[in-house]
1. Taking region A:196-211 on its own, how many of its residues are under 14 Å from A:G172 (Cβ atoms) and not basic (K, R)?
2. Of everything in region A:43-60, what is in contact (Cβ under 8 Å) with a residue 24 or more places away in the chain and within 13 Å of DNA strand C (Cβ to nearest atom)? Give them in sequence order.
3. Only one of (1) within 14 Å of chain A (Cβ to nearest Cβ); (2) buried (at least 16 other Cβ atoms within 10 Å of the Cβ) is not met by B:R275, so which one is it?
4. Out of the residues in region B:16-32 that are more than 42 Å from the chain's Cα centre (by Cα) and part of a helix (DSSP H, G or I), state the one that is farthest from DNA strand D (Cβ to nearest atom).
5. I'm checking my understanding of the structure. Among residues of region A:26-42 that are crowded, with 16+ Cβ neighbours inside 10 Å and near DNA strand C (Cβ under 7 Å from one of its atoms), which one is nearest to A:R66 (Cα to Cα)?
6. Being more than 22 Å from A:L132 (Cβ to Cβ) and facing another protein chain (nearest Cβ under 7 Å) is the filter here, so list the residues in region B:113-129 that pass it.
7. Can you give me the number of residues within region B:304-347 that are in a loop (DSSP other than H, G, I, E, B), without any contact (Cβ under 8 Å) to a residue 12 or more places away in the chain and among the hydrophobic types (A, V, I, L, M, F, W, C)?
8. When you scan region A:175-192, do you find a residue that is charged (D, E, K, R) and crowded, with 17+ Cβ neighbours inside 10 Å, even just one?
Number of protein chains: 2
Amino acid sequence: MNRTRAASGRSHEGAPTIIDVARHAGVSKSTVSNVLQGKTSVAEPIRQKVMAAVAELDYRPHIGARSMRQQPRVLGVVVGDLANPFHAELAAKVENEAAKRDYSVLLATTGGVGQREAARVSSLLGHRVAGLIFLSAPHGNGRLLLDGSTPVVLASIVAPGFPWIAVDDARGTREAVDHLVGLGHARIGFVSAMLDDELATERPRFKGFSQGMRGAGLTVAGSHLLRPDRRAARTDWFERLRVYIGQRERPTAVVAANDLMALELLAAAEAEGLRVPHDLSIVGFDNIALARWERVSLTTVAQPMDAIARGAVDLAIAAATDDVPVPQSVRLDPQLIVRRTTAHPAS
Amino acid sequence: MNRTRAASGRSHEGAPTIIDVARHAGVSKSTVSNVLQGKTSVAEPIRQKVMAAVAELDYRPHIGARSMRQQPRVLGVVVGDLANPFHAELAAKVENEAAKRDYSVLLATTGGVGQREAARVSSLLGHRVAGLIFLSAPHGNGRLLLDGSTPVVLASIVAPGFPWIAVDDARGTREAVDHLVGLGHARIGFVSAMLDDELATERPRFKGFSQGMRGAGLTVAGSHLLRPDRRAARTDWFERLRVYIGQRERPTAVVAANDLMALELLAAAEAEGLRVPHDLSIVGFDNIALARWERVSLTTVAQPMDAIARGAVDLAIAAATDDVPVPQSVRLDPQLIVRRTTAHPAS
DNA sequence: TTGTATGCGTTATCAT
DNA sequence: ATGATAACGCATACAA
């Protein structure tokens, strides 16, 4: 009768339960639980016996079952596109920080599609995750599901309605301009056309660029701006970059809204026969692993990715654990990293 | 007394349960469950009422609780380094395929560290995941935990003891050699020094290279080989590549063991003043997103990543669901994609 | 200090 | 066709 386990053929059926451990150690399952919870009220010799039984049976508490009585130690991470190096790196760091705190990470990729985002978030909510960390701005459909019962933290993005931890974008591009001005550049451009699905990031970075230019007493020509344009197809970026870089009165330096764009620009410059940094200086933003490579060695505004990952995890856990309704948002300082794509203007 | 819920302050406390839905619809929780499970034995009007209650309360079944009675629809994905574009892309595709089948993905990054791998795998096992998908070869410590009760599938890697789904590495590099030979190259080199933590991948790719060379009646000079070397520090790759590319009797074409290495080689060639493909042809392996970029446009051996992701998920689910002890491994065909880093030799 | 009893949210079994 | 009830594995309040 009571051999229900042996009858089934599914996997995990053989996994020992807390009762198996209790029997093996000759104690009650409560005692086993107490030992595992680190309760001090357990006599040492009994503790030993229990631990021995745990080791011998290779017992691992059923996290799902445990999560019905305790805060589940699982975080949901929502990311638009893992193929984006910045997001992938950040996701890895988030998982790492979560693991340090003994939290697991449930991954959900949305591909930037609103409908898929809603489905993934719903799934995450079904898992009763302790908190959600968004690495991409919550799209319309997904937001609706977030009613405040599950804490949400935005990592490296800023959007209204949620606490976030992100770099000071405006300050970053401002410092990029300062760097270029310090090198003697006056005709400085700004490129962000590829960032049209992340306007929340594009805007402050452009704002910082403008502030920097104004602060230096410089004006920026309209033809030196390449910003998101609804009418343009997404596929002709490279062509637009070539045209941009090929114009007669082209800038001597360009601030790109992120590293990926800076790399595209680098390629477009090469394609047009320009040498970087001699004919054109380029500054990126993010400091993805690629930018550190020898072959690229991109001057860029670094985001403190470790601090962002750590902070996002801390914020999410704090919001889930404590009764803090809305944790404070955090703005972190960027850091300009000068490599080999910026120099004095040729003229 | 029975207002246990209101007393606590943790999150999720307000999440409606199946009992709430039952009350709201005026039926028993069994009926609600039956409706949600798609049982046909429920009268249509009742079904409607239940669904209405579900929608109104925004009820979402507690997946953790469900997993105590059913196969948990969660897959564990173990990846060494998400900062590696190939792994990140593959992980994203795996998550996608899993989501299509209504499975969730628990992410674990090991950083290639054996000890961390063991801890992460243990955590995944604690979650009672239906199956594990490794995107990196299981390191020593992690293997020990895998006793066969939880199905394991290796994606894009081959290792003994586990079913895998991967590309035919040898055939890939063989085709790369054939392509170069067809262009008229005779002095062809092979570079894989950066792949020393993935010997299971390096070896068959080198084997295919050798086979291709032999098949074409060509010999390969020892100085044209740059393979893993325990004694070399990991940091001087680029320097080694420059030396390799700068040697007098350098090859006219090189097969790189993966795209990342091909890109480094590209940089080293540029640094040495060589033009690609005029002075040097380069073939990569993997076809990561980066390789498709205009600026790089790398000729490469493509892995069928979609098929690998789909197959890995299918295999894992099948192994968990059916009572197939060890599913069949699958070897997929690579596809050479000719772009702009290969051409006829200059001489 | 240890054991007993109860509840968590769900599915599954069995009456009705 | 529907509902009462017993698991599932664990933590916890409480009794011993």
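1. So the answer is 8.
2. Kept after step one, since they are in contact (Cβ under 8 Å) with a residue 24 or more places away in the chain, are these residues of region A:43-60: A:49-50, A:52-54, A:56-60.
Those that are in contact (Cβ under 8 Å) with a residue 24 or more places away in the chain and within 13 Å of DNA strand C (Cβ to nearest atom): A:K49, A:V50, A:A53.
3. Unmet condition: (2).
4. Looking at residues that are more than 42 Å from the chain's Cα centre (by Cα) and part of a helix (DSSP H, G or I), I get B:H24.
5. Applying the filter and picking the extreme gives A:N34.
6. Kept after step one, since they are more than 22 Å from A:L132 (Cβ to Cβ), are these residues of region B:113-129: B:113-119, B:121-122, B:125, B:128.
Passing the criteria: B:S122, B:L125, B:R128.
7. 1
8. Of the residues in region A:175-192, the ones charged (D, E, K, R) are A:175, A:178, A:187.
Subsequent filtering for residues that are crowded, with 17+ Cβ neighbours inside 10 Å retains A:175, A:187.
Looking through region A:175-192, at least one residue is charged (D, E, K, R) and crowded, with 17+ Cβ neighbours inside 10 Å.
The values are calculated or read from the model by the stated rules, or taken from the named source; none is laboratory data. Not measured: the values here are computed from a predicted model. With ideal geometry, Cβ positions are generated from the backbone for all residues, glycine too; neighbour counts draw on all protein chains shown.
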